[in-house]
1. Going by amide H atoms built from the backbone, whose H comes under 5 Å of the H on A:Val86, apart from near neighbours?
2. Report the full-extension gain for the segment A:Arg46 to A:Ala15: residue separation times 0.36 nm, less the Cα-Cα distance, to one decimal in nm.
3. Would you list, by chain and number, the lysines whose Cα falls below 17 Å from the Cα of A:Lys94, excluding same-chain residues fewer than 8 positions away?
4. About the Cα centre, and with charges only on the beta carbon of Lys, Arg (+1) and Asp, Glu (-1), how big is the dipole of chain A? Nearest 20 debye, please.
5. Show that you can apply the helix-only estimate: for chain A, add -39,500 (n - 2.57) for every DSSP H stretch of four or more residues, divide by all residues, and state [θ] at 222 nm to the nearest 500.
Amino acid sequence: MPTSDAAQQLYTALAQIPEGCVITYGQLARLAGRPGAARWAGSLVRKLPKDSQLPWHRVVNASGCISLPPDAGGREQKQRLLNEGVQFTGERIKLSQHQW
DNA sequence: ACTCTGACCCGGC
DNA sequence: GGCCGGGCCAGAG
C-alpha cells in the first residue's frame, strides 16, 4: 500500500496490545517500521476516532505519562487504563506495565 | 515548493 | 531528576 502501509502496521500492532499493558509512541513507531517517527505515530493516534476499537488509550509517551491534556480526553484515557488494571503512581505509569 | 506545527524520542550537559 | 538542541514523519497554511 499506498502511503499508509506502515500506518496499517501501526494500527495492527496497537490492536495486538493486550489489556493492562501500555506502549510508548516510539516503540509503536518502531513496530510500524518507522523508528524515530514517534511524532508520526502520535498524529495517527490523535486522528483516531473515539469509537475505534483500537486501544489508543494504551499509548503513552516515553516518560510513562499521558501526553494528552486532561481537558482533551486525557482524563478518559487514565480512567480507561485504571479500569483495565493499569496501576498509576501519581501521573506516571508503573514500570511493570511499561512493556508488554 | 516552503514553512510551521504536533497526543514524540534521545543524547548531552 | 531537569533543560536544550537535533532528528524523525505527515498534514495544513
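1. none
2. On the way: separation 31, 0.36 × 31 = 11.16 nm, distance 1.55 nm.
Roughly 9.6 nm would be gained on extension.
3. A:Lys78
4. On the way: 12 positive and 7 negative charges, 42 e Å.
So the dipole magnitude of chain A works out to roughly 200 debye.
5. On the way: 4 runs with 40 residues, N = 100.
When only DSSP H runs of four or more count, the value is -11500 deg cm²/dmol.
We did not get these values from a lab; they are worked out from the coordinates using the rules stated. What you see is a predicted model, and the numbers here were worked out from it, not measured in a lab. Methodologically, a virtual Cβ is constructed for each residue, glycine included, from the backbone with ideal geometry; neighbour enumeration extends over all protein chains shown.
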